[in-house]
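A quick write-up on the structure given underneath.
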């Protein structure tokens, strides 16, 4: 598996139809404008917005103030565009990873929530929801504590502990 080095590499890998997407191209133009690397469509967009701002302010702003207003406008558009693109890339990643991987993460999360103090204070017959998928259960007649999948009550791990250690025994 390749290691992803930055956010945009994640987007390139998981955004649906990355290379043919108008939103990605538009985002690239916003970034060029914010970085004042004006060429092609980015230059045209900048000039159109500059003229629009100049008309809006009726000539009261000098060139530096107009440039600042235009850049702020495109910074806001870039932030909104990034948020949309990142959310689509995350959706693409989740669609490819499937539900099993999410369950594994929730199981690890549930296991990390179990502490010796929690185990010592768990009453016989008590159920404690660890997260949306898993529940800790102390059998009512035994000193047996298990982690169950809440949906179907399947026992996943028996939890053993002493004063310093917790052991998760796969069932």
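The values are calculated or read from the model by the stated rules, or taken from the named source; none is laboratory data. Please read all numbers here as calculations on a predicted model, not as lab measurements. Methodologically, a virtual Cβ is constructed for each residue, glycine included, from the backbone with ideal geometry; neighbour enumeration extends over all protein chains shown.
What number goes with the only condition from (1) at pLDDT 90 or above; (2) farther than 20 Å from residue 22 by Cβ that residue 42 does not pass?
It is condition (2) that residue 42 fails.
Taking the condition more than 30 Å from residue 37 (Cβ to Cβ), in a strand (DSSP E or B) and outside the structural domain of residue 35 (by TED's automatic domain parsing), does residue 137 pass?
When the stated conditions are applied, residue 137 passes them.
Within segment 120-134, restricting attention to residues that are out of contact with any helix residue (DSSP H, G or I) (no Cβ under 6 Å at 6 or more places or on another chain) and not in a strand (DSSP E or B), which residue is nearest to residue 160 (Cα to Cα)?
The extreme case among them is 120.
Of 160, 122, which residue is at pLDDT below 90 and surrounded by 12 or more Cβ atoms within 10 Å (Cβ to Cβ)?
None of the other options fit; the residue is 122.
Given 91, 75, 169, which one is within 30 Å of residue 42 (Cβ to Cβ) and at pLDDT 90 or above?
Checking each option against the conditions leaves just 75.
Out of all the residues in segment 63-79, is one or more surrounded by 13 or more Cβ atoms within 10 Å (Cβ to Cβ) and closer than 30 Å to residue 147 by Cβ?
No: segment 63-79 contains no residue that is surrounded by 13 or more Cβ atoms within 10 Å (Cβ to Cβ) and closer than 30 Å to residue 147 by Cβ.
If I filter segment 98-119 down to residues being touching a strand residue (DSSP E or B) at 6+ places or on another chain (Cβ under 7 Å), at pLDDT 80 or above and part of a helix (DSSP H, G or I), which single residue comes out as surrounded by the most Cβ atoms within 10 Å (Cβ to Cβ)?
110
For segment 125-157, what are the residues that are under 16 Å from residue 106 (Cβ atoms) and surrounded by fewer than 10 Cβ atoms within 10 Å (Cβ to Cβ)?
152
Looking at segment 29-40, which of its residues are in a helix (DSSP H, G or I) and surrounded by 14 or more Cβ atoms within 10 Å (Cβ to Cβ)?
Selection gives 29, 30, 31, 32, 33, 34.
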